[in-house]
Every structure is written in C-alpha cells, then in structure tokens.
Amino acid sequence: MVNAIKGLFISCDIPMAQFIVNLNASMPASERFIVHMLDPTHMFVQPHVADFIRSKIAEFRDQNSYEKPQG
Amino acid sequence: MAGGDGDRARAPKRHKSSAPSKAALVDESAEFDYADDFDDDAHDADKEVKKRDFTKLELKPDHANRPLWACADGRIFLETFSPLYKQAYDFLIAIAEPVCRPESMHEYNLTPHSLYAAVSVGLETSTIISVLSKLSKTKLPNEIIDFIHASTANYGKVKLVLKKNRYFVESPLPEVLKTLLKDEVISKARLAPEVDKNAGCVRNLSNFLQDSLGGPSFSISKTAREIVSGHEDLLNGMELAAATEDKETHSFEIDPSQVENVKQRCLPNALNFPMLEEYDFRNDTVNPDLDMELKPQARPRPYQEKSLSKMFGNGRARSGIIVLPCGAGKSLVGVSAACRIKKSCLCLATNAVSVDQWAFQFKLWSTIKDDHISRFTSDNKEKFKGMASVVVTTYNMVAFGGKRSEDSEKIIEEIRNREWGLLLMDEVHVVPAHMFRKVISITKSHCKLGLTATLVREDERITDLNFLIGPKLYEANWLDLVKGGFIANVQCAEVWCPMTKEFFAEYLKKENSKKKQVNSFLSFHYYVQAESLDNCISCQALYVMNPNKFRACQFLIKFHEEQRGDKIIVFADNLFALTQYAMKLRKPMIYGATSHAERTRILYQFKNSPEVNTIFLSKVGDNSIDIPEANVIIQISSHAGSRRQEAQRLGRILRAKGKHQDRMAGGKEEYNAFFYSLVSTDTQEMYYSTKRQQFLVDQGYSFKVITSLPPPQESNLMFNTLDEQLDLLGQVLNARDDMVGLEHLEMDADGKALLKARRSAGSMSAFSGAGGMVYMEYSTGKGKGAKKHKDPSKRHHLFKKRYQ
C-alpha cells in the first residue's frame, strides 16, 4: 500500500543543507522534522517547520554578517 | 529555500556606492534626509530622523560653487568633484576627522580633538569659522560656531615645558594654574617647589597665592627681555623668553611619571585646557646640535612636504602624529623631521628588522656620519658616541622591565638621562598599549613625532594618543595618492569559498558545543576576542582548512606565478594552517620561531631568485617587514575582526611599482597589485571579514566579491577527491589544540628575555603585535553597538521582520 505524507520540499546549497540537518539533530527525538534526505542539496521535511527553519537560518546568517556601527 | 549566497545582507558595504547619487540629489534641494542611514536602534530611528533634518538650513544663492555641507551635528560632507576640492580638503583635514572617504563624497566629523589639533597647527578660531562658512553651501548653523568657539577658546593657555630634564606646567595666567591644581590628579602629580639656585630669575614665592587649597605656590619666572640681557644666567633666560611672549610666566613642576595623566586631565573632555607642546629647537642652545642634512637626492613628495609643514608651522616643532599609508614614504618624513631639528633623535620601531631598516633609511636620506647613528637591539648593542646622535631601537628594548644585561643597562641609562630633541615613533598605533606608555615616561623628549598608516584600533585606546603624543597633524587621502601614482593601485577581492559538506557539518557541531559554553548564542559577539578565540580555535581551524579554500589559494598562486610572474605573499595567522598550506604547496614560510638568519635568507631568496615567488607569512609579516617586490597578497586566515591588520597587510603591497606614467590614470596597468582575502562562506569568518574591510572601505577602496574560484574545470588542484578531503578533516580534528592554536609571538625584547623559550605563554597582546591590547567588538562612539543584538526590540526595523 502506498503511504502519502504531506510535507515540504527544500532545495538549498550544501552548507545550508548541513545546517538544517544539524538543526534537526539538535532537537529532541519527537520534534525532529526531516522526513527524508533526498540528496546533499534536497530534502523532504514536515510541513509546519518552514517558518522555524527560515528564522533559524536568518539568525545564523545575521551572526555571520557585520554591520557598520553608526557612530 | 535560502539558496546561494547572493542574497546575503551586506548592505552597509554596498551603501557607499550610493554616495555620489545621493550627492546629486542633495544638490537639487537642500533637503538632508538621513532616514536611510542605517541605525542599529530602530526605536531611535524616529528621533534620529528629526535630529538629522536639516531642511531649515539656509542655502546660499551661489551654493553650486561651494564644495561642502556643514551640518549642525558637526558632520561635514565634501564634494570631491568640486573645483575647490583641493583647497577645501587641505583645510578640512586640518580641522576635522575624516570618517569615510570614497571617491566622490567625503564625510568628516568636527570633534573637540580635531579642533584642538587645528589650533595647535596654528589656525585661529576666527579663521576656522570664516573659512568654513566661506566653503559651506549653507549658512553655518549656530551650533557649529558655538562648538568651535567652545573647543578652541582655552587652547594655548597652558604649556608643558621640558627644562633640564624636568617637566613644568607653564601659563601666563595664574588663575588657570589654580584651576588646574584644583584637579586631584594634577595636584597629586605636582612636585614640591624648590628654590632653583641656578636660575637666579626664578623666585620661589611660597607665600604668594595662598588659598584654601593649602597654599599652592607657583614659581614665577621674570622673562621680560630687558631683564634677560643683564642677567648672569643668560641661557636659561633666553630659553624661557623664547618659550613665551609674556612678561611673567607662572609654572609648577610635575612628576615626570605623571605627565601623561596630567595631559589627559587637560584635554577637552576633562578640564579643557589642552596643553601646548612646542619645541623651539633653533634657539635651544643647551642641547648639542647634530650635524645632519637631507641629501640633495632626497626629494620629499608634495604630501610629505605638506605633512612636514604642519609639523614645523611656525619655526618650532610640534608634537603630533602623521598618518600616511604604508609604502607612501613615512621614513623619509621621519628622517626629514630629524634633519630639521638637528638634535639627538631617538627612533623607536617595532622589531629588530625594522630597526635595521630605519638605520638604513637614515643613512640613505641624510648626510649623518656613520658613527653618529647607532642601533640598540637585543643582538646589536652599539654604544653611541658623541654628544648628539641618532639612536634606533625598539619599543620593547626601552620598556623592558626585567633585569638587563650590563651593556644594555648602560645604554638604557644613557637614553634615560639624555634630553632628546625628537622622539620618532614608528607604527605609533601600537603605542597606547600599557608597555609602550612606559617608553614615553622613560624617555624625555622635547618633541614627539608619531608615524602610522592606520590610526584605528579595535579598542578605544586610539584616543589616548592625543595626550600621549599629540594631535594628528596630517592624514593623507589614500585615493589621491593612488591617483598621483605614489602608491600602488590595488584591486581588492574577497573570494568566497563554500564550505564542503563534511567540514561544515563538523563546524556546526563545534559551534553547538560552543553555544553551550557561552550560554546565550547571541551574546557571542560581545565577548572579548580572547575568549571567543579560545572557544573557537577548533572552529577556526575548520574554516581555515576548508578544502575549497585551499584549492582557491592554490589556484590563485598558480595563476599569478605562471601567468603574470607576480611575487606573492600568503598570510595565515593560524599556525596549523600555515604549516599545512606551506608544506602541501612546497613553499617557504616564516613565522615567529623562524630565526633571524633564516628569515633574512628566505626574504633574500624571495627578492632575488626567480624560483621563489611565493612565501607564507604568519602575523610576523604584518608590520614593518619591507618586501617591496611583492604585489599579490592572499590572506587565508586573519586575526578576527582587526581592521588594523587588514590595512597593514594591504600596506605590504602598496609600494608603487613599475613605471610612474603607467600607474597614472589611463596608464597601461589599471591595477598592479592584488589583495585577495579568502573567506569560507556561512561561517564566522564572513562576519570578521566584512568588519576588517571597514577601514579600507572608509579609505575609498572597494572589495570585489569572487564566488567561483577555482573554476570547475580546473582539475589538477589538490583535495579533488572526497577521500583526500576526509583525510584532511581527520588531520584537523586530530591536531592537538596547541597545534591548531594561535601563534604566540615574543616581540624583540631585551637579551635576557630572549634567552627564555621563544614560544612562551604570551598573552593575547603579545601575538597581536601590541602588548596589553584587548580586541573587542565595539562600536565607535556611544557604545550602542555593543548591545547590538541583546534586545530584539531595539533592532533596526529592516531586521525586525526576520525576528518575529
């Protein structure tokens, strides 16, 4: 029998995929959201996590970018 | 989602390109709207807009002919395309601090310190105001006029005079001295007055000026000229007469070790009686003259002349700092200054190599006799002969606190006892550090000249230089020097190297464990660099050893060596990476533990052999190693967010190359030097990299971003296969912490210090090239930025959206 799961298809570059994998691994087992890793740049995740991942990535990038302070 | 890196928010950097268009827009209507100015504190944004609304400013009818905008908050904007640019620039550089100088529009800031510098080079309050209002497109706001008056009114009322190895605070107005003595710091620093038997003209009026403070008394020197002529102690009288125009001078002596504190208290932000330090060297008959002249072939360039004229404006020598880019000929300025003063000169450099270079420069440009110049380093202790001489040494040699060998103790004693005409300080940006202050208190000099290329530090101690040395006398505009062909035209590029999958996975793991240590992820930025580096050393190793970065580096070396025949310097702060890269690519390297002899040999080969075109340097190469042949720099790792290091490294290739006419605008070679910074994307390195570039961006340089290096078809590079990459990863992970760690540099210290192990457990400071200095993320000014991300409600509205 075919099992269908509603989910979200993510396509990104290799480092970001690793970031998401890492994020997934840091969650408690019940909250892990990656359904299937398709290849190094594509994955299938639970549908409800889009905003969460987005904000985490934004936070991560913000840390790595410098803004000139206005004196 | 969140695909490539193209959408990365790097707004501030790109913003500068919009400056010219803003200028054009502003030209049409006098509206100054800074709402688009980035501000970290979003809830302040409304206030900011109001504060920076200059619609009220009255535009002069002939505003198109005038080159600058002066705003009420002290900011000044200069149009570089104006026909009056040159004159306006010379004037502005004297009265204001340059903030940002891209191609078409410069930003300056009027500060009490900059105005202090202005009056100290001889500009008068009324001149400043009248010239500024002449150049301004708008009527000068009253705030600015008041500000200039307030900042300059007290200038010149107090003098610091060095007489016979003792420091005196002098003023024609006893009230001023009384005000000063009310200050706790100054009254403590004061030495008890004594009757000076030698100088008959100095009477000690101990009963004079008794007041509530317990009777401070000033020595009053009658220095009226008619008295002098009939006086027995003619010399002393003359000296005093030269120092002042007034009939009476009141003075008190201060403790030499407290001079710095006293000066600091007198600065505009404290008591506001900035001290004037001038040296009337022509009339100084106490100290013997030194016979030296500039050789005729030494022709100072226009900007060198200009900087010297600021220093010797009224026939006397002023203490201060001259800022010239690396490679623009700072040494000639220093030597010329020494030749003009013609007194004993103590020249301080940062290490033994640059001591040799300074001694060489003195011999090259001036007619000084060989036995009048001596070097004093740990392995080269030349006795100095004669009454007056030039001594070249390092900061460490003078400041060294431990036990010295007998020889050097003698020389130090000599240095301590001598009254130096000129104290010449190279790379003065390292001076504020604790140990270097000692140097200034040990050596007594009439005039101090600081030379530097980068007047920025990541801590706020750069302002200390105002009282340690003096105001900034001159600062050259880098882009103008490039246009004039005096320094090389450098193409700066940031090469983005994506992390490989395996390295990035490890990096994230390390970051997670770090997160646990530093309880809040976001507070990471404000940690003093020392701490974050400790936490992150293994992270750093990962992004530095990123195989893609290695491949990019290898590709660039190949390209420049084979296709252009360039000489390349590769910089790596991380010792593990330095050795790995150098061994894999089979290139020579120099780091802290490399002996002086070997360094000299490698540098010689690099300069002369066609076989050796690439060398790897650790941070020992940052300052003062003169490698004029090199024209390409590849930076694979760096000291976090240090803007100074970035600028110093760029300076290694700034020395102009090739024929002069080729370098001029429209010449054959548009760019003749290249500066590559290799950055692993999605890591902390991106943050640091942008921060580091800030100084150069403010000087008008632009960084090109290269994303596709090495080209995919290039196949004979290392680490092509996954196996090789995994092998490297294993090495990085297994490397012991001390191997991955940063290099600890013992700077050139006294002989005894060098007998200890070379790689001693130095502090952060030692290897940053400036003892005692703390690297800190901070925002210039109000310290707003320091709390940048702590409170999400204060985030800029653009970023708020992302942080629901």
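The values are calculated or read from the model by the stated rules, or taken from the named source; none is laboratory data. Here the structure is a predicted model, which means the values were calculated and not measured. No Cβ is skipped: glycine too gets one built from the backbone with ideal geometry, and neighbour counts run over all protein chains shown.
When B:Cys326 is tested against (1) assigned to a helix (DSSP H, G or I); (2) in contact with a Lys or Arg (Cβ under 8 Å, 6 or more places away or on another chain), only condition (1) is not met. Please find, within the range B:135-194, the residue that is modelled with the lowest pLDDT out of those that are among the acidic types (Asp, Glu) and outside the structural domain of B:Phe81 (by TED's automatic domain parsing). So the residue we want is B:Glu194.
Taking the residues in the range A:37-69 that are aliphatic (A, V, I, L, M) and within 8 Å of another protein chain (Cβ to nearest Cβ) as candidates, determine which candidate is surrounded by the fewest Cβ atoms within 10 Å (Cβ to Cβ). Quick ask: steps written out before the conclusion?
Residues of the range A:37-69 that are aliphatic (A, V, I, L, M), as a first pass: A:37-38, A:43, A:45, A:49-50, A:53, A:57-58.
Okay, now just the ones that are also within 8 Å of another protein chain (Cβ to nearest Cβ), so A:50, A:53, A:57-58.
Details: A:Ala50: 14, A:Ile53: 21, A:Ile57: 19, A:Ala58: 16.
Per the stated criteria, the residue is A:Ala50.
Quick test for you: out of A:Phe9, A:Phe19, pick the one residue that is within 13 Å of chain B (Cβ to nearest Cβ) and assigned to a strand (DSSP E or B).
Unique residue meeting the criteria: A:Phe9.
Against the list (1) surrounded by fewer than 20 Cβ atoms within 10 Å (Cβ to Cβ); (2) more than 28 Å from B:Arg649 (Cβ to Cβ), the condition B:Met275 fails is (1).
Selection of the range A:3-32 for residues being of a type in the set (Phe, Trp, Tyr) and crowded, with 19+ Cβ neighbours inside 10 Å yields only A:Phe19.
Would you confirm whether any residue within the range B:460-474 is buried (at least 23 other Cβ atoms within 10 Å of the Cβ), at pLDDT 85 or above and hydrophobic (A, V, I, L, M, F, W, C)? No, the conditions are met nowhere in the range B:460-474. For the range B:80-125, the set of residues classified as among the β-branched types (Val, Ile, Thr), assigned to a loop (DSSP other than H, G, I, E, B) and at pLDDT below 80 consists of B:Val121 only.
Kindly indicate whether any position in the range B:104-127 is closer than 30 Å to B:Phe312 by Cβ and of a type in the set (Phe, Trp, Tyr). Can you show your working first?
Filtering the range B:104-127 for residues closer than 30 Å to B:Phe312 by Cβ gives B:106-127.
Next cut, of a type in the set (Phe, Trp, Tyr) only: B:108, B:116.
Yes: one or more hits.
Of all residues assigned to the range A:28-36, none qualifies as being within 8 Å of chain B (Cβ to nearest Cβ) and touching a helix residue (DSSP H, G or I) at 6+ places or on another chain (Cβ under 7 Å). Condition first: more than 22 Å from B:Pro325 (Cβ to Cβ), crowded, with 21+ Cβ neighbours inside 10 Å and at pLDDT below 85. Now tell me which residues in the range B:421-434 satisfy that. Answer for the range B:421-434, where residues must be more than 22 Å from B:Pro325 (Cβ to Cβ), crowded, with 21+ Cβ neighbours inside 10 Å and at pLDDT below 85: just B:Ala433. For the range B:676-705, a tally of residues being within 18 Å of B:Val570 (Cβ to Cβ) and of a type outside the set (Phe, Trp, Tyr) returns 7.
Comparison of B:Ser331, B:Ser309, B:Ser374 shows that the only residue that is within 25 Å of B:Glu419 (Cβ to Cβ) and either charged (D, E, K, R) or part of a helix (DSSP H, G or I) (or both) is B:Ser331.
With away from every other protein chain (no Cβ under 14 Å), crowded, with 24+ Cβ neighbours inside 10 Å and either closer than 30 Å to B:Ile440 by Cβ or at pLDDT 80 or above (or both) as the only criterion, which of B:Val544, B:Val490 stands out? That would be B:Val544, the only listed residue that is away from every other protein chain (no Cβ under 14 Å), crowded, with 24+ Cβ neighbours inside 10 Å and either closer than 30 Å to B:Ile440 by Cβ or at pLDDT 80 or above (or both). Evaluating B:Met583 against the criteria (1) at pLDDT 85 or above; (2) over 19 Å from B:Ser677 (Cβ atoms); (3) within 33 Å of the chain's Cα centre (by Cα) leaves one unmet condition, (3).
I'm trying to understand the selection: among the residues of the range B:645-666, which are at pLDDT 75 or above, out of contact with any helix residue (DSSP H, G or I) (no Cβ under 6 Å at 6 or more places or on another chain) and not in a loop (DSSP other than H, G, I, E, B)?
Across the range B:645-666, the qualifying residues are B:Gln645, B:Gln648, B:Arg649, B:Leu650, B:Gly651, B:Arg655.
Here is a yes/no grid of residues against (1) under 28 Å from B:Tyr108 (Cβ atoms); (2) more than 13 Å from every other protein chain (Cβ to nearest Cβ); (3) of a type in the set (D, E, K, R):
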residue: B:Asn672; (1), (2), (3): no, yes, no
residue: B:Tyr676; (1), (2), (3): no, yes, no
residue: B:Ser680; (1), (2), (3): no, no, no
residue: B:Lys691; (1), (2), (3): yes, no, yes
residue: B:Leu696; (1), (2), (3): yes, no, no
residue: B:Gly700; (1), (2), (3): yes, yes, no
residue: B:Lys704; (1), (2), (3): yes, yes, yes
residue: B:Thr707; (1), (2), (3): no, no, no
